[in-house]
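**Q** Can you read through this structure? Questions will come right after.
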Amino acid sequence: MRNPVIDVAVGSDVGSRYSANFDVTYLRARPLLAVLADGMGDGPGSAAAGRTTVDIFVDHIVNAVEVGPDALRAAVAAADARVSRIGRELRTLAGCTLTAMVVAPDGCWLVQVGDSRVYRLRAGLLELLTTDHTMAWLGAVHGWYPFDSPQAAAARYQLTRYIGHGTAAEPDVLSVTTRPGDRYLLCTDGISDQVGYDDLQILLSREADPRSVVAGLLSAADLAGGNDNATAIVVYVD
């Protein structure tokens with residue numbers, strides 16, 4: 001299996017809103033396995049959900065005989081079942097997002113549950129590859145209200161899918177080709193809600209190593225107010 005990744009980096013910042021960081025990551029460059037989870041809220045269920053989800057997902061993928069849609073969905077199902085049980089045991093909300101990028105023979109698999117995101121910069125164009133599983137996204141796409149409206153803001157944190165939902169969260173599983181020069185960004189909403197499209201494009205386009213790009217993203221989120229935990233994984237492709 002060809003590994004197209006030439007460099008990767010990850011970073012996270014607690015921000016000013018919470019006293020702890022409820023984002024959780026895992027990053028392995030070769031073969032590529034990048035995973036992040038964003039806990040819902042700031043309670044013990046949030047902390048347990050993120051850590052449990054990343055650990056279970058990684059364990060399933062590392063030990064899978066073949067990594068494909070079935071294995072990816074099975075990993076998500078196992079994490080969802082365990083986090084749902086944690087919520088029942090703690091009698092509180094236990095939930096998180098899950099976004100992952102996993103190497104495949106002809107590119108990469110993307111796995112998405114919730115509202116963390118994957119962006120791709122290719123030939124100067126920055127594209128959002130994932131869909132937010134929120135009522136705000138549904139409302140904007142279907143014309144119920146403008147995306148920057150008060151109605152959308154109120155619906156921003158109403159997730160339609162998340163790990164720990166208790167009804168077998170269904171992941172989006174996408175097959176993505178990779179090309180030399182591609183740059184990918186996996187991030188929590190602490191980045192995407194605070195750093196605008198133009199700034200994301202500028203930062204990812206810089207002639208800099210991914211560690212510098214991650215540092216720039218975290219700094220931009222902090223300058224925008226630091227209103228949430230902010231986490232970024234940057235992947236460069238050869």
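The values are calculated or read from the model by the stated rules, or taken from the named source; none is laboratory data. Predicted model only: the values in this text are computed from it and were never measured. FYI the Cβ positions are ideal-geometry reconstructions off the backbone, even for glycines, and counts take in every protein chain you see. Note: areas computed on protein heavy atoms with side chains; ligands, DNA, RNA excluded. Shrake-Rupley method; radii C 1.70, N 1.55, O 1.52, S 1.80 Å.
**Q** Looking at region 65-102, which of its residues are surrounded by fewer than 22 Cβ atoms within 10 Å (Cβ to Cβ), among the β-branched types (V, I, T) and touching a residue at least 12 places away in the same chain (Cβ under 8 Å)?
**A** Hits for region 65-102 are V67, I86, T92.
**Q** Where residues in region 12-34 are of a type in the set (G, A, S) and under 13 Å from the mean Cα position of the chain (by Cα), which of them is nearest to A47 (Cα to Cα)?
**A** Taking region 12-34 and keeping what is of a type in the set (G, A, S), we get 12, 15-16, 19-20, 29, 34.
When the remaining residues are screened for being under 13 Å from the mean Cα position of the chain (by Cα), the result is 12, 34.
Numbers: S12: 15, A34: 19 Å.
Here the residue is S12.
**Q** Could you go through region 45-59 and let me know if any residue there is out of contact with any helix residue (DSSP H, G or I) (no Cβ under 8 Å at 6 or more places or on another chain), of a type outside the set (F, W, Y) and closer than 18 Å to I191 by Cα.
**A** Yes, region 45-59 contains at least one residue that is out of contact with any helix residue (DSSP H, G or I) (no Cβ under 8 Å at 6 or more places or on another chain), of a type outside the set (F, W, Y) and closer than 18 Å to I191 by Cα.
**Q** Filter region 178-201 for residues that are out of contact with any Gly (no Cβ under 9 Å at 6 or more places or on another chain) and among the β-branched types (V, I, T); which is nearest to L98 (Cα to Cα)?
**A** Ranking the qualifying residues of region 178-201, first place goes to T188.
**Q** If A152 passes every condition in (1) part of a loop (DSSP other than H, G, I, E, B); (2) surrounded by 14 or more Cβ atoms within 10 Å (Cβ to Cβ); (3) more than 19 Å from the chain's Cα centre (by Cα) but one, which one does it miss?
**A** (1)
**Q** Can you confirm whether L186 is open to solvent by less than 40 Å² (accessible area, probe 1.4 Å) and in a strand (DSSP E or B)? Walk me through it before giving the result.
**A** Values: open to solvent by less than 40 Å² (accessible area, probe 1.4 Å): yes; in a strand (DSSP E or B): yes.
Judged against the criteria, L186 is a match.
**Q** How many residues are within 14 Å of I191 (Cβ to Cβ) and either part of a loop (DSSP other than H, G, I, E, B) or of a type in the set (D, E, K, R) (or both) if we restrict to region 18-44?
**A** 3
**Q** Let me ask something additional. Starting from region 126-143, keep only residues that are touching a residue at least 60 places away in the same chain (Cβ under 8 Å), then list their pairs with residues that are among the hydroxyl-bearing types (S, T, Y) and surrounded by fewer than 19 Cβ atoms within 10 Å (Cβ to Cβ) whose Cβ atoms are within a distance under 9 Å, requiring at least 6 positions of separation or different chains.
**A** Matching pairs, first to second residue: L126/Y197; L126/S205.
**Q** Here is a follow-up. Test T53 against the stated conditions and say whether it is of a type outside the set (F, W, Y) and open to solvent by less than 10 Å² (accessible area, probe 1.4 Å). Lay out the reasoning, then the answer.
**A** Working: of a type outside the set (F, W, Y): yes; open to solvent by less than 10 Å² (accessible area, probe 1.4 Å): yes.
So T53 passes the test.
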